[in-house]
Structures are given as C-alpha cells and as structure tokens.
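Quick note: the coordinates plus some simple rules give every number you see, no bench work behind them. Since the structure is predicted, the reported quantities are computational estimates derived from the model, not experimental observations. Heads up, the Cβs are rebuilt from the backbone with ideal geometry, glycines too, and the neighbour counts pull from every protein chain shown.
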C-alpha cells in the first residue's frame, strides 16, 4: 500500500516538474535538449506501468516478474529513443 502511494506521489512530483518545463518553454528559457525531453516524456509511462503492476501483482513471485517487466520496458523505451535519434540524425529533413 505504501509503495503504491509513493509511486502516486512520485507521479504528482513528475507532473509538477513537467509544468515547470512547460512554463520555461513558454518563456523560451528551456535549458534541456530534445533528447532529454524525449527521455523525460517516458518517465510517466514507467511510473504508471509500475503503479499498474503493483495493483495487479500481489505475491512475491509476481513482484519479481513485475520488476523485470518494468526494467524491460525501460530498456525498450531507451532503445526506441536511441534508434529514433539515429534515424533523425541520418535524415535531417524528417
């Protein structure tokens, strides 16, 4: 129960920080690269994925599969971002 609440609080903090980024973008004062923003964008996906796994999986063995699933999702997201960046760098018109 406490872990689920901690992830919900983490998600709220994530959205507050995202709002700060939004305000910086409005003032044209953003200091971060597009690659950082793509990775940041996937943060909510990982947090929500973790919350759903915690709600669905209740036994210890299922927790192990949940943690492995979250790690695999994170790896797949990072690979997708790297592949997209490589494609974008090869074809600057896109």
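Couple of notes before you dig in:
- Rounded to the nearest 10 degrees, the inclination of helix 43-56 to the longest alpha-carbon principal axis of the chain is 10 degrees.
- Calculated P(r) over Cα pairs in 5 Å bins from 0, in percent (choose from [x] 2, 12, 17, 18, 17, 15, 9, 6, 3, 1; [y] 3, 15, 29, 28, 17, 6, 1, 0; [z] 3, 12, 13, 14, 17, 14, 10, 9, 6, 3, 1), label: [x]
- Averaging the sequence gap over all C-alpha pairs within less than 8 Å and six or more residues apart, then dividing by the number of residues, gives the chain a relative contact order of 32 percent.
- Here each label is just a point 7 Å from Cα along the line to Cβ, and for residue 39 and residue 57 those points are 2.4 nm apart.
- Inter-label distance, nm, simple model (7 Å from Cα along the C-beta direction), residue 15/residue 3: 2.3
- Rounded to 10°, Cα long-axis angle of helix 60-90 versus longest principal axis of the chain: 10
- Value of [θ]222 nm, deg cm²/dmol, for the chain, DSSP H segments ≥ 4, -39500 (n - 2.57) each, nearest 500: -28500 deg cm²/dmol
- In degrees, nearest ten, helix 2-26 long axis to first principal axis of the chain (Cα): 10
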